[in-house]
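The block underneath contains the structure these notes are about, expressed in structure tokens.
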Amino acid sequence: MLAAFKKQSILPGFWPSFSYTTLYLTLIVLIPLSAVFLKSFSLSWEQFRRVIMAPPVVAAYQLSFGASLVAGAISAIVGFLVAWVLVRYDFQGKAIADALVDLPFALPTAVAGIALTSLYTEGGWVGRYLAPLGIKVAFTPLGIVVALTFIGLPFVIRSIQPVLEDADQELEEAAASLGASRWQTFYRVILPMTRPALLTGFALAFARGLGEYGSVIFISGNLPMKTQIAPLLIVAKLEQYDYAGATAIAVVMLVISFVLLLGINAVQRRSARFLEKAR
Amino acid sequence: MTREEKRMAADPRPVRLLLTALALAALGLLVALPLVAVFAQAFDKGWAAYLTAISDPFTRSAILLSLLVTGISVPLNLIFGLAAAWTVTKFQFRGRSALLTLIDLPFGVSPVVAGLIYVLVFGAQGWLGPWLADHDIRIIFAVPGIVLATTFVTFPFVARELIPLMETQGIDEEEAALVLGASPLQMLWRVTLPNIKWGLLYGVVLCTARALGEFGAVSVVSGHIRGETNTLPLQVEILYNEYNYAGAFAVASLLSVVSVVALVLKKLLERKTRQELP
């Protein structure tokens, strides 16, 4: 039975490292995560439904979804542009620009949150130019989109960059020599080639946006029914010791993000197979 | 024409300039400006005010706590990362791809939910709550809870860096070492670790930056007790909510310096990691 489980190898240490990996994974991740699902079973279906269909909760889900979608889309467009410029062109300070892309990964979310808020309030560096135009960013859903775009941008850029780097430019040259305009080449050759990576980047940014907390709560102002995101409601329920309510909201979020994660994996596996065939 | 020249030739110069300007403007506005704002606000009232803000005793205890938590979480995830990468890259076994997916699982979990799950296990109303209370052990609203939440959030970072690297390196060198009579430990020290050292360091840098800065998960399990369970990011939040903006941004600037250092290290290590690829 053991032989069927694992292919033979002369390398040592399979069983110790395998056991340690699964044990640590089970203790730190799987058992605590299962607690959420088990706890939600302590609610009847009716109670569960009442928690997640309550108007503030529905409003929060809609806001989290909507803002993450918009921010993901902006990240996809801006991210593609930045990745294109970083891969295809040469300019001074390129290394710095490239390093800067990872800043949202490295900067603590709370720091990003207060920094963005200070920029976009009415007296802030950016807000003061938007206020005369009647555009309010801080303490509105627009502020949430700004924060989630900051968070999502590197996911898109880092997904597309390697694909653009590997892309065979002879395909573009072939398209051009067959009479395609630069725009047609972009639309018919470059875009289809980068689509799986773009989709992955978008989905990663979207998934991260749904769960994001630290960078959002400062700029959103947390007005009930207007700018409260779903993770904030979990924290609010916990502060009232309503564990079952917090859990119900969390279960819905977990299921959505796991479905997204599986989807991303499927896209990546498919495009890997596609690239292998092309080689 | 070199490859580089060919690339550039594809787009006419005005298009190149326009796109570059747009991309840099977007990066500057969206990413660089918030970083600049942190330092501008921190030094708004001058050096003296800055030094007062960061030498506050509560800030000092927050620094120590953040370092302690990071000092425990990162080594834990480092050992896990090595074991996990060794298991999934050097052997073929059933359930390998399921294990790979499970390792990535914490990436898909909201930080707030990551905190919540430990409250459900160790909190007063949780599974182990009554037993822990009987034995006078505090995990939630105490340091162990903060360590657990941080460990969860930074769980895949080292493994994630090592797995693609070790997969491309294959098993030939290790096999050769064993055939030539090396013991497993010698193989680990002389072959495997030297091959992956930069990638490993890179994972540790990412893991450390994230552990120091984690906010959502820690905020759920910490209880915000000043001087006891307040980490640096939580201290930023408290000062900010008290309208002590200069103080909040001063503490935030410390965290920002850490992340800038992490970015510089990342850039340097990336080049080294590329050399590790066969």
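Every number here is computed from the coordinates shown, using simple stated rules; none is lab data. Everything quoted here is computed from the prediction, not taken from an experiment. When we count neighbours, we look across all protein chains shown, and the Cβ atoms used for this are built from the backbone with ideal geometry, even at glycine.
Taken along the Cα-to-beta-carbon direction at a fixed 7 Å, the label points for residue A:77 and residue A:168 span 3.3 nm.
If the chain linking residue A:62 and residue A:41 were pulled fully straight, counting 0.36 nm for each residue of separation and taking away their Cα-Cα distance, it would gain 5.1 nm.
Taking R0 as 22 Å, what FRET efficiency do you get between residue B:189 and residue A:10 from their Cβ-Cβ distance, rounded to the nearest 0.05? Before the final figure, lay out each step's value.
Details: r = 18 Å, r/R0 = 0.83.
Working from the Cβ atoms, E equals 0.75.
Kindly identify region A:196-263 as rounded, prolate or oblate by the Cα gyration tensor criterion: order the square roots of the eigenvalues as a ≥ b ≥ c, call it rounded if a/c is under 1.5, otherwise compare a/b with b/c, prolate if a/b is larger, else oblate.
Because a/c hits 1.5 or more and a/b fails to exceed b/c, region A:196-263 counts as oblate.
A helix-only calculation puts the protein assembly as shown at -24000 deg cm²/dmol for mean residue ellipticity at 222 nm, using -39500 (n - 2.57) for each DSSP H run of at least four residues, averaged over all residues. Take each peptide in B:222-232, A:105-115, count the other Cβ atoms within 10 Å of every residue, and average; sorted highest first, the result is A:105-115, B:222-232.
Can you give the average number of partner chain beta-carbon atoms within 10 Å of each beta-carbon in peptide A:23-33, as a whole number?
Values: counts 2, 8, 9, 1, 1, 9, 11, 2, 3, 14, 9.
Across the residues of A:23-33, the mean count of other-chain Cβ atoms within 10 Å is 6.
When the Cα positions of B:140, B:236, B:250 are compared along the charge dipole of region B:46-276, B:250 comes out farthest toward the positive end, with charges on each C-beta of Lys, Arg, Asp and Glu.
Segment residue B:172..residue B:257, full-extension length gain: 26.5 nm, with 0.36 nm per residue of separation and the alpha-carbon distance subtracted.
Counting each pair of different Cα atoms once, what's the Kirkwood radius of chain B in Å, rounded to one decimal? List each step's numbers first, then the result.
Numbers: mean 1/r = 0.0458 Å⁻¹.
Roughly 21.8 Å, rounded to one decimal.
On the beta carbon distance between residue B:47 and residue A:92, with R0 = 25 Å, the FRET formula returns roughly 0.20. Across all Cα pairs in chain A, the calculated P(r) in 5 Å bins from zero up to the longest distance comes to 1, 5, 9, 12, 13, 13, 13, 11, 9, 7, 4, 2, 1, 0, 0 percent per bin.
Give, in nm to one decimal, the length gained when the segment between residue B:134 and residue B:56 is fully stretched (0.36 nm per residue of separation minus the Cα-Cα distance). Numbers along the way, then the final one.
Numbers: separation 78, 0.36 × 78 = 28.08 nm, distance 3.63 nm.
Here the segment from residue B:134 to residue B:56 would lengthen by 24.4 nm.
Dividing the convex hull volume of the Cα atoms of the protein assembly as shown by its residue count, what figure in Å³ per residue is obtained?
Values: hull volume 103.0 nm³, N = 557.
Taking the convex hull of the Cα positions in the protein assembly as shown, it is 185 Å³ per residue.
The packing ranking, built from the mean of other Cβ atoms within 10 Å per residue, places the peptides B:44-55, A:27-38, B:182-193 in the order A:27-38, B:182-193, B:44-55, highest first.
Candidate membrane-span-like segments in chain A, meaning DSSP H helices with Cα atoms spread over at least 24 Å of their own axis and a Kyte-Doolittle mean of 0.5 or above, are A:55-88, A:141-166, A:191-211, A:243-278, with no membrane implied.
Only Cα pairs under 8 Å and 6+ residues apart enter the sum, and on that basis the relative contact order of chain B stands at 30 percent.
Would you please give the FRET efficiency between residue A:125 and residue B:179, computed as 1/(1 + (r/R0)^6) with r the Cβ-Cβ distance and R0 = 45 Å, to the nearest 0.05? Before the final figure, lay out the partial values.
On the way: r = 64 Å, r/R0 = 1.42.
The pair residue A:125/residue B:179 has a calculated efficiency of 0.10.
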